[in-house]
1. Which one is farthest from Lys83 (Cα to Cα) among residues in the range 98-128 that are at pLDDT below 95, of a type in the set (Val, Ile, Thr) and exposed (fewer than 13 other Cβ atoms within 10 Å of the Cβ)?
2. How about the range 50-85: which of its residues are out of contact with any Ser or Thr (no Cβ under 6 Å at 6 or more places or on another chain) and under 14 Å from Phe102 (Cα atoms)?
3. Could you tell me which of the residues Ala177, Ala131 is part of a loop (DSSP other than H, G, I, E, B) and among the hydrophobic types (A, V, I, L, M, F, W, C)?
4. Looking only at the range 155-163, decide whether some residue is free of Cβ contacts under 8 Å to residues at least 24 places away in the same chain and either outside the structural domain of Ala58 (by TED's automatic domain parsing) or outside any loop (DSSP other than H, G, I, E, B) (or both).
Amino acid sequence: MTFQFRKEAIEEDLNSTFPSQGQGNPPLYYSLSDVVVPTYSINNVAEGSGLPENLQTAWDFSTGYLSITNTTSTLVNNPGFWKVDLNWTFENSTSSQNASVFIDDGVTTKNIWRIFTPSASQTGVQAVTDATFVVFLRGGDQLKGLTSTSRSNLDVWYRQIATTNGSLVNPLGYSAA
C-alpha cells in the first residue's frame with residue numbers, strides 16, 4: 001500500500017538544499033509505504049558527543065616536544081595520526097645546512113618536511129621558518145627529525161590526534177558534558 005502526499009515545508013527545505021532538482025515544478029510528491037527505513041547521522045559532532053576538529057586537535061599536557069641540533073632524533077614511534085608543528089632556526093654560514101622530518105620504517109625513509117640552505121657569503125644572519133602538518137604512522141614506523149649543523153636548530157611539538165583505525169584522541173583530561 002502506497003500513499004502520496006505533499007508537504008510544503010518539506011518541499012521548500014528540499015528545494016533550498018538541492019536547487020538543481022526542479023524547484024517544485026512540477027510539484028514534488030513524497031511516497032509513504034508500509035516499510036519504515038530508519039535514517040540517522042553517524043557524525044559525532046552532529047549528535048553533540050564530539051568536539052569540532054579545531055578543539056579536538058588542541059595542544060594539551062600530552063603534547064611532546066623535542067629540540068634537535070646537529071643530530072637525528074626519534075620524535076614518535078607509536079602508530080596513528082599525529083599533529084606536528086615545528087620551527088627551524090638557523091644562522092647562515094659558509095657551509096650548507098638542512099633540516100628534515102621524515103618517516104623511517106627501518107628499511108627506507110620518506111621525507112615529510114625538508115629545507116635546505118646553500119652556503120652563504122654573508123654569515124651571522126639568522127632566519128626562522130615553521131610548518132604544521134599531520135602524519136600517519138603504521139606499526140613499526142618512526143617519525144624522526146634531523147639538522148645537519150650546530151648552527152641549525154629544529155624545535156618540534158607533536159600530539160596524537162587519532163589511532164590507526166581513525167578513532168579520535170581527545171585532548172588529555174577532556175570529557176564530554
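1. The extreme case among them is Thr123.
2. Scanning the range 50-85 gives Thr71, Thr72, Ser73, Thr74, Leu75, Val76, Asn77, Trp82, Val84.
3. Working: Ala131 fails: part of a loop (DSSP other than H, G, I, E, B).
Sole residue among the options that is part of a loop (DSSP other than H, G, I, E, B) and among the hydrophobic types (A, V, I, L, M, F, W, C): Ala177.
4. Of the range 155-163, the ones free of Cβ contacts under 8 Å to residues at least 24 places away in the same chain are none.
Looking through the range 155-163, none of the residues is free of Cβ contacts under 8 Å to residues at least 24 places away in the same chain and either outside the structural domain of Ala58 (by TED's automatic domain parsing) or outside any loop (DSSP other than H, G, I, E, B) (or both).
The values are calculated or read from the model by the stated rules, or taken from the named source; none is laboratory data. On a predicted model such as this, the values are computed, not experimentally measured, just so you know. Here the Cβ is made from the backbone with ideal geometry for all residues, glycine too, and neighbour counts use every protein chain on show.
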